[in-house]
Amino acid sequence: MMHDDDSNDVPSTPEEDTTLETGPLSDLGDEGDSAIRDRIEDVLTSSDHKAKRHVHPRLMKMFEVAGMTASFVRAEGQYLWDDEGNRFLDFLGGGGVYLMGRNHPQIHRALGDVLTMNLPNLTVVNASVLSGLVAERLLEIGGPQFSKVVFANSGTECTEVALRFARNVTGRRRFLYLEGAFHGRTYAAMSCCGFDQLRAGIDPALPTCTPVQPGNIAQLRRELRMGDVAAFIFEPVQGMTGQRVDPGYLREAETLCKEHGTILVADEVQTGLGRTGAWFATREMGVRPDMLTTSKALSGGAVPVGAVLVDETIYDKVFSGFSTGLNHFSTFAENNLAMTAALTTLEVLEELDAPAQAKEKGDYLLEGLLDLADKYDCIDHVAGRGLMLTVYFKESASPTLMAQQKLLSAADSGAFAAAVHVDLYKKQRILAQIPGPGLNAIKILPPVVASQEDLDYFLGSLEDTLAGFYGRQGPIASLGRGVVETAAKAVGGVVPQAMPPLQRALGISGGEKKTVKPGN
Ligand SMILES: Cc1ncc(COP(=O)(O)O)c(C=O)c1O
């Protein structure tokens, strides 16, 4: 029972409840008082990054050896700035997260507002109010077959949910995935990964995952006819290979899956929300998956979040009785910050007309890249769609360039692309991506806020890099001494005659010959 005294403290009507607007967080004072701010400023420009020791020592070493050593201290839209004030054009975008650019003010404002409201969060016994709003919008753009949304914390968690639901609904064991696929790094997702190099160390992978060749409908039909396939999972444009899967193949796959009782899962973790020029690439292709996963861009680059759009009948089967409510649950999935980031992201992307901008800017880049391919014979082809483009390289007919390419590829099949990547970074201050292990390709994921000037700068810079490689400054030198020395060791074992040209190209001396005294 409430005492009279207590009741004085409790607002009698919602209008009087000022705690929603002025909770404790709003009393923090100005930004300068924040302890975390001081701590971050202390370490931001320090060369002693603890993460280099404790979090990502190998990855950071790799970039360091390649001379990619900028310390980024600020980010906005399509740019990053290092501690010397240099501006970098970010066409890597956190691996596809920053579709609307970095540190978007509307996202920051929304997150700040929600934090100051002292809202209930993760109550478990209440459905989160914000999640309903996000789900409603996702279902509007997702397609009429979807009526439910399951939230997650990452792309790979979405993959797990979709595969698990497919098993649950079909009672079958097997999954089909495409060669060249990537669906995340948890166990089932890795078992459906189309790159052996990435699966190293997880063996035994799930034994019930079978790769099929994109476009090979006869093979798919054979596999589905066996009647034991729970799900066929695919990316409409593959994140690693950059290849757009043939829409005709996917439409036929949909028909076959229906015929054989297999669940069709579209992984739009990377392609979703406008990246390829449509809200969802599968919908534009005329494909109706039973489940669709999306993540990266949904976060607004601020709070991790993933969503699985689910067909009503599948949902009903997974949650088919009164006590099945907890058949799936993920502690943090619908947290207020993630839902706020997602909701605001969807609004901002709509305001920006992200799909239309991605199409227009992507077409412009594609045209520019195809022009470069006409001029520079080391470009093999350009794959992808919208603002998700991958440039594949091949051996040039130019004798000097070809000689260096041969040396590089003896060390690693993707080494020439790595040289392009490093050159773009070091000389042109552009961040791009090496898409997958061993692929001789670079990939770009520009944000929709990239300006015309940015697009031209990228195309001009890539041309500079390639032109340089045909001239005196070949790709080997651009990779940097550290990488080449490491590669030279590897190549030297296989192709000893490669050593002198590699060393000459870099101006590395052959090293002092050690005379081993007899008896030592
Ligand atoms: C198509 C696709 N699916 C799944 C994932 C995994 O997402 P996450 O890294 O958020 O787990 C990725 C990540 O790159 C992806 O590109």
(request) Could you tell me which numbered condition Phe88 fails, if it satisfies all but one of (1) outside any loop (DSSP other than H, G, I, E, B); (2) without any contact (Cβ under 8 Å) to a residue 40 or more places away in the chain? (result) (2)
(request) Specify the residue that is farthest from Leu115 (Cα to Cα); the eligible residues are those in the stretch 332-377 that are acidic (Asp, Glu) and either open to solvent by less than 10 Å² (accessible area, probe 1.4 Å) or assigned to a helix (DSSP H, G or I) (or both). (result) Asp374
(request) Take the residues in the stretch 298-325 that are more than 13 Å from Val150 (Cα to Cα) and within 16 Å of the ligand (Cβ to nearest atom), then tell me which one is most open to solvent (accessible area, probe 1.4 Å). (result) Pro304
(request) Write out, first by first residue and then by second, each pair whose Cβ atoms fall under 6 Å of each other, whose residues are 6+ apart or on separate chains, and whose first residue, in the stretch 143-157, is open to solvent by 20 Å² or more (accessible area, probe 1.4 Å) while the second is more than 16 Å from the ligand (Cβ to nearest atom) and of a type in the set (Lys, Arg). (result) Gln145/Arg288
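Every residue, every condition in (1) assigned to a helix (DSSP H, G or I); (2) over 25 Å from Pro447 (Cβ atoms); (3) among the hydroxyl-bearing types (Ser, Thr, Tyr); (4) modelled with pLDDT of 95 or more, yes or no:
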residue: Glu15; (1), (2), (3), (4): yes, yes, no, no
residue: Ile36; (1), (2), (3), (4): yes, yes, no, no
residue: Arg58; (1), (2), (3), (4): yes, yes, no, no
residue: Thr69; (1), (2), (3), (4): no, no, yes, no
residue: Met100; (1), (2), (3), (4): no, no, no, yes
residue: Val114; (1), (2), (3), (4): yes, no, no, yes
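Can you report the number of residues in the stretch 194-212 which are touching a Pro at 6+ places or on another chain (Cβ under 9 Å) and either touching a residue at least 12 places away in the same chain (Cβ under 8 Å) or closer than 25 Å to Gly272 by Cα (or both)? Before you say what the answer is, go through the steps one by one.
Restricting attention to the stretch 194-212, the residues satisfying the condition of being touching a Pro at 6+ places or on another chain (Cβ under 9 Å) are 194-198.
Adding the requirement that they be either touching a residue at least 12 places away in the same chain (Cβ under 8 Å) or closer than 25 Å to Gly272 by Cα (or both) leaves 194-195, 197-198.
Final tally of qualifying residues: 4.
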(request) Specify the residue that is surrounded by the most Cβ atoms within 10 Å (Cβ to Cβ); the eligible residues are those in the stretch 264-275 that are in a strand (DSSP E or B) and free of Cβ contacts under 8 Å to residues at least 60 places away in the same chain. (result) Ala266
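Are any residues in the stretch 424-467 of a type in the set (Val, Ile, Thr) and either assigned to a helix (DSSP H, G or I) or closer than 18 Å to Arg275 by Cβ (or both), and if so, which ones?
Pass one, the stretch 424-467, residues of a type in the set (Val, Ile, Thr): 430, 434, 442, 444, 448-449, 465.
Scanning the stretch 424-467 gives Ile442, Ile444, Val448, Val449, Thr465.
Only one of these is in contact with a Ser or Thr (Cβ under 9 Å, 6 or more places away or on another chain), under 21 Å from Gly261 (Cβ atoms), touching a residue at least 40 places away in the same chain (Cβ under 8 Å) and more than 14 Å from the ligand (Cβ to nearest atom): Arg164, Arg174. Name it. Spell out how you get there, then give the answer.
Working: Arg164 fails: in contact with a Ser or Thr (Cβ under 9 Å, 6 or more places away or on another chain).
So the residue among Arg164, Arg174 that is in contact with a Ser or Thr (Cβ under 9 Å, 6 or more places away or on another chain), under 21 Å from Gly261 (Cβ atoms), touching a residue at least 40 places away in the same chain (Cβ under 8 Å) and more than 14 Å from the ligand (Cβ to nearest atom) is Arg174.
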(request) Would you mind finding the one in Leu431, Leu439, Leu459 that is surrounded by fewer than 24 Cβ atoms within 10 Å (Cβ to Cβ), over 18 Å from Phe91 (Cα atoms) and hydrophobic (A, V, I, L, M, F, W, C)? (result) Leu439
(request) Pick out the one residue from Ala188, Ala205 that is more than 28 Å from Leu343 (Cβ to Cβ), more than 15 Å from the ligand (Cβ to nearest atom) and touching a helix residue (DSSP H, G or I) at 6+ places or on another chain (Cβ under 6 Å). (result) Ala205
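Where residues in the stretch 398-423 are hydroxyl-bearing (Ser, Thr, Tyr) and not in a loop (DSSP other than H, G, I, E, B), which of them is surrounded by the fewest Cβ atoms within 10 Å (Cβ to Cβ)?
By that ranking, first place goes to Thr400.
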(message) Six or more apart or on different chains, Cβ atoms under 7 Å: show the pairs whose first residue is in the stretch 304-323 and at negative phi and part of a loop (DSSP other than H, G, I, E, B) and whose second is away from the ligand (no atom under 16 Å from the Cβ) and open to solvent by 40 Å² or more (accessible area, probe 1.4 Å).
(response) Phe319/Gly325; Phe319/Asn327
(request) With the condition kept exactly as written, say whether any residue in the stretch 230-253 is in contact with a strand residue (DSSP E or B) (Cβ under 9 Å, 6 or more places away or on another chain), away from the ligand (no atom under 16 Å from the Cβ) and closer than 22 Å to Lys361 by Cα. (result) no
(message) I'd like to know if the stretch 130-141 contains one or more residues that are in contact (Cβ under 8 Å) with a residue 12 or more places away in the chain, over 21 Å from the mean Cα position of the chain (by Cα) and farther than 25 Å from Glu284 by Cα.
(response) yes
(message) Which of the numbered conditions does Ala278 fail, given that it passes all the others? Conditions: (1) within 11 Å of the ligand (Cβ to nearest atom); (2) under 17 Å from Ile141 (Cβ atoms); (3) in a loop (DSSP other than H, G, I, E, B).
(response) (1)
(message) Given the condition modelled with pLDDT of 95 or more, farther than 22 Å from Pro437 by Cβ and in a helix (DSSP H, G or I), answer yes or no: does some residue in the stretch 142-151 qualify?
(response) yes
(message) For the stretch 283-296: of the residues being in contact with a Leu (Cβ under 7 Å, 6 or more places away or on another chain) and either open to solvent by 10 Å² or more (accessible area, probe 1.4 Å) or of a type in the set (Val, Ile, Thr) (or both), which is nearest to the ligand (Cβ to nearest atom)?
(response) Thr294
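The values are calculated or read from the model by the stated rules, or taken from the named source; none is laboratory data. Note that the structure is predicted; figures quoted are calculated from it, not measured. Cβ atoms come from the backbone with ideal geometry, glycine included; neighbour counts cover every protein chain shown. In case anyone asks, the SASA skips ligands and DNA or RNA and just uses the protein heavy atoms, side chains included. Shrake-Rupley method; radii C 1.70, N 1.55, O 1.52, S 1.80 Å.
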